[in-house]
Each structure stands twice: as C-alpha cells, then as structure tokens.
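Only the coordinates and a few stated rules stand behind these numbers; no lab work does. Since this is a predicted model, take the numbers as computed values, not measurements. Neighbour counts are summed over all protein chains in view; Cβ atoms, including those assigned to glycine, are modelled from backbone coordinates with ideal geometry.
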Amino acid sequence: MIAAVLALVAAVLLGTGSAKQHAVAVAADPHAPMDPRLIMHLARRRSWLVGNLMAFGGFLCFASAIATGRLVVVEPLGSTQVVFALLYAARVSRRPLQRREWMAVGLTVTGLAGFLVVAAPKEQPDASPVVPWAVPLGALAIVMIVGVLVARTLTPDRRGITFAILAGLGFGTADSLIKAMSTTADDFGAAHLLSHWSLYAWIVVGPLAFLLQQSAYHATHLGAALPATTTLGPTTATILGATMFGEQLRGGWAVPVELAFFAVLLVGIARLAMSKTLEDPVIA
C-alpha cells in the first residue's frame with residue numbers, strides 16, 4: 001500500500017516536472033543530437049531547474065516505491081504521470097480538456113485498475129533471474145548505440161521520437177537496476193553496494209536515459225516525445241520484474257485478460273500523450 005501511494009505521488013511530480021522541463025528544452029538554442037552541453041544550457045534556466053527539482057523529488061518517491069514494492073505494481077502506477085502532465089498543461093495554458101482526452105483518462109484508469117486486480121501480482125519463492133543480467137544490459141547497449149547513430153540522420157521530429165523510445169527503454173532498465181540495488185542492500189547491507197555491479201550499471205544507464213529524454217524534448221514537442229517514454233518505460237520494467245526478480249502474475253485464464261487490460265492502459269497513455277494540449281510550448 002505504501003509503495004502504491006509513493007508511486008502515485010511520484011507520478012504527480014514526474015508528470016508536472018516533465019511538462020516544465022519540456023517547455024524550456026523545446027525553446028532552447030539548437031544543439032547537436034545528444035550534445036551534453038544542452039544540459040548545461042538548460043541548467044541556466046530557473047523554470048527548467050524547478051521542473052528538474054520536481055522530477056527529482058518524483059524520482060526519489062519512485063525509487064522508494066520500487067525498493068518497497070513490486071515492479072509489476074509500481075510501474076503501471078508510475079506511468080500515469082502523463083495524466084498529471086496533461087492536467088498541468090491544460091491548467092497553465094487555460095485549455096479545458098476535450099471529450100477525447102477525458103476518454104483517454106478513462107482508458108488509462110480502467111486499464112490500470114483492471115490489470116492490477118486481475119493480475120494480483122506476487123513474488124515467487126524462487127526469485128532467481130531467468131537469464132543473466134548481461135543479456136538485457138547487453139541488448140540495451142546495442143539498441144542505444146544503433147538508435148543514436150540512426151537518429152542523427154533523421155528529421156528533428158523523428159529524431160525526437162527515436163530518442164524518446166531509447167529513453168523509455170533506458171528508464172525501464174534503470175528502474176529495474178534500482179530494484180536490484182535495493183535487493184542487494186537488503187540481503188548484504190548498503191555498504192555492499194559499493195562493490196556490486198548494479199550501482200555502476202545504474203550510474204551509466206540512468207543519466208544516459210535522462211540525456212536522451214532531454215534531447216527528445218529539445219527535438220520535438222511533448223505530445224510526440226511522451227508516448228514512447230511513458231509506455232516503453234513501464235513495459236520494460238514490468239517485463240524485467242517478471243524475468244529478473246520472479247514477480248509472478250496470475251496465470252491460466254487470467255493471462256489474456258491481463259494483457260488486454262495492460263494494452264488498454266498503454267493505449268490510454270499514448271492517446272493522452274498525443275493530446276494537442278501538450279504541444280503548447282507555453283506551459284512553464
């Protein structure tokens with residue numbers, strides 16, 4: 001229960017913070033794709049720093065939710081951040097939400113509630129990884145390298161969407177690494193983290209996903225960048241939660257129903273993220 005509350009608080013902070021960050025990033029001076037100097041430029045803007053502070057607070061709440069709960073529960077709840085990004089954008093831009101947007105909110109809530117009720121997530125007695133961690137991390141590295149190289153040849157909008165896809169994969173993996181770190185700390189003590197691979201993998205994957213996210217915001221509007229990030233992030237982490245941490249969902253008859261509700265959740269999120277309200281840059 002505590003993990004669920006923390007995940008919802010995180011969704012509020014992350015959604016609002018992302019909207020504020022995007023408002024500044026999309027208006028920033030042109031930079032080369034994946035140029036780290038973009039972050040230095042954005043850091044001089046007060047509104048971006050406020051948005052980043054909110055997002056960081058959301059990250060702390062989300063990390064606490066991951067550490068105390070299950071990924072297959074926390075990640076779908078965290079994905080509702082796009083709802084709060086949309087509500088914030090609508091409030092600041094003084095644009096009331098349209099019927100189709102409220103329908104998307106309904107799809108998101110229905111998919112989320114249905115998935116959690118039907119799946120009834122629980123931990124298996126044997127939480128051993130199905131495959132070595134080198135497999136998902138190696139696959140992520142290959143996808144990241146190829147994706148960044150391909151993105152450099154694309155138009156700004158397509159480049160932004162590509163960066164958003166990579167950011168979603170990175171954030172989902174980073175969340176799973178937080179779970180790996182918390183499990184290690186519980187089993188062997190916090191001091192053991194300094195000699196554990198998961199800490200150093202997260203130090204690489206987490207900031208890289210953040211740079212990809214900001215590069216996506218810089219290249220295209222929020223409505224194009226958010227769908228990929230907010231759907232692929234929880235999907236990646238949910239899959240890793242089941243395969244790497246033994247988080248079990250209800251099987252048998254429930255499997256197709258779980259998949260259907262999860263699909264409804266993702267469709268709702270994607271439709272919310274494509275709202276015209278999120279394309280308005282004046283939401284800082």
Provide the FRET efficiency to the nearest 0.05 for the L53-I142 pair, computing r from the beta carbons and using R0 = 30 Å. 0.35
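Per DSSP H run of n ≥ 4, the term is -39500 (n - 2.57); total these for the chain, divide by its residue number, and report the mean residue ellipticity at 222 nm rounded to 500 deg cm²/dmol. Can you show the working numbers first?
Working: 11 runs with 212 residues, N = 284.
Here the helix-only value at 222 nm equals -25500 deg cm²/dmol.
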The chain - convex hull of alpha carbons, volume per residue in Å³: 125
What residue among Q248, Q213, Q21 has the largest mean-square fluctuation in a Gaussian network model of the chain, using Cα springs under 10 Å? Q248
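Could you tally the net charge around L265, taking each other residue with its Cβ under 15 Å from the Cβ of L265, Lys/Arg +1 and Asp/Glu -1? All intermediate terms of the calculation are to be shown ahead of the outcome.
Values: positive: R271; negative: E75, E258.
In short, -1.
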Taking the alpha-carbon centroid of each part, what is the distance from the stretch 157-188 to the stretch 245-280 in angstrom? 18
Based on the mean of other beta carbon atoms within 10 Å per residue, what is the order of 2-9, 252-259, most packed first? 2-9, 252-259
Whole number please: convex hull volume per residue of the Cα set in the stretch 114-231, in Å³? 127
Taking the dipole about the Cα centre of the chain, with the C-beta of Lys and Arg at +1 and of Asp and Glu at -1, give me whichever of F56, A225, A180 is farthest to the positive side. A225
Give me Rg/Rg_expected for the stretch 159-217, where Rg uses Cα atoms only and Rg_expected = 2.2 N^0.38 Å with N residues. 1.28
Taking the Cα centre of the stretch 95-184 as origin, sum charge times position over the Cβ atoms of Lys and Arg (+1) and Asp and Glu (-1), and report the length of that vector in debye to the nearest 20. 440
Under a crude label model (7 Å from the Cα following the beta-carbon direction), how far is I203 from A113 in nanometres? 4.5
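Where in the chain are the DSSP H helices whose alpha-carbon span along the long axis reaches 24 Å or more and whose Kyte-Doolittle mean is at least -0.5? Spell out each step's value before the answer.
Details: long enough: 2-25 (33 Å, 1.58); 46-68 (33 Å, 1.20); 99-119 (29 Å, 1.06); 134-151 (25 Å, 2.67); 156-188 (46 Å, 0.29); 197-219 (33 Å, 0.87); 222-244 (32 Å, 0.93); 254-273 (28 Å, 2.05).
TM-like helix candidates: 2-25, 46-68, 99-119, 134-151, 156-188, 197-219, 222-244, 254-273.
Kirkwood Rh over alpha-carbon pairs of the stretch 167-284, then Stokes-Einstein at 10 °C and 1.306 mPa s: what D in µm² s⁻¹, rounded to an integer? Don't skip to the answer; put the middle values down first.
On the way: Rh = 16.1 Å.
Diffusion coefficient, whole number: 99 µm²/s.
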Inter-label distance for R152 and A4, nm, one decimal - labels placed 7 Å from Cα along Cα-to-Cβ: 4.7
